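Report on the structure given below.
The values are calculated or read from the model by the stated rules, or taken from the named source; none is laboratory data. It should be emphasised that the depicted structure is a prediction, and the values quoted were computed from it without experimental measurement. Cβ atoms come from the backbone with ideal geometry, glycine included; neighbour counts cover every protein chain shown. Note: areas computed on protein heavy atoms with side chains; ligands, DNA, RNA excluded. Shrake-Rupley method; radii C 1.70, N 1.55, O 1.52, S 1.80 Å.
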Amino acid sequence: MGIQFIKISVVYFVIGVSLGLYMSMTHDYSLTGVHAQINLLGWTSMTLAGLIYFLFPKATEDILGKGHFVLHNIGLIIMMIALFSLIKTGNDALGPIVGIGGIILTIGVVLFAINVLKNVRPENFKLK
Ligand code: HEM
């Protein structure tokens, strides 16, 4: 789980910084929210979570870890595609879809928090 999180996070990193570069070159900052969320929820948060899962295998074995992985990724993808489309088309009807993606992602983060509180303990630390 830790390795999967870290590998997916670098894909978000490439997309996030490419969008930042595009915004800098075109002076079009309308997608700043998408850029910031992809970098922070995709790259930074997922890398940190991946490192924690790697160092504490018990958190990976827990069903909460699998739930977090699925919900964090599905939620972020739904949220980012909907937010990108809303900004580019101006179609406010997409707002609730951004919200649904955000709720799914947040549930995933809550599962992660419970998992950390339950399984991240000195006796569960394991470095290969
Ligand atoms: C090559 C790398 C990057 C480029 C070219 C870039 C470019 C930009 C640009 C042009 C903006 C809009 C600034 C504005 O609205 O005035 C921005 C905003 C932002 N970027 Fe990046 N960025 C990069 C990497 C990152 C990374 C790695 C992160 C976080 C991990 C990040 C987080 C943010 C945040 C949070 C904002 C919003 C700031 C605000 O609105 O106050 N960026 N970036």
FRET efficiency (Leu117, Ser30; Cβ distance; R0 35 Å; to 0.05) is 0.35
Of the accessible area of the chain, computed with a 1.4 Å probe and all protein chains kept, carbon and sulfur make up a percent value of 76
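Keeping to pairs on different chains or 8 or more places apart, tell me how many lysine pairs in the stretch 2-124 have Cα atoms under 27 Å apart.
The result is 6.
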For the stretch 2-124 (alpha-carbon point model, no solvent) the Debye-based log₁₀ I(q)/I(0) at q = 0.11, 0.14, 0.17 Å⁻¹ works out to -0.41, -0.62, -0.83
Checked the stretch 18-62 against the a/c 1.5 cut and the a/b vs b/c comparison, axes a ≥ b ≥ c from its Cα gyration tensor; verdict prolate
For the stretch 53-62, Karplus-derived ³J(HN,Hα) couplings (6.51, -1.76, 1.60; θ = phi - 60°; whole Hz; x for glycine and proline) come out as 4, 5, 7, 10, x, 4, 5, 6, 5, 6
Filtering chymotrypsin sites (Phe, Trp or Tyr not before Pro) in the stretch 1-101 by DSSP loop and by at most 14 other Cβ atoms within 10 Å leaves Tyr29
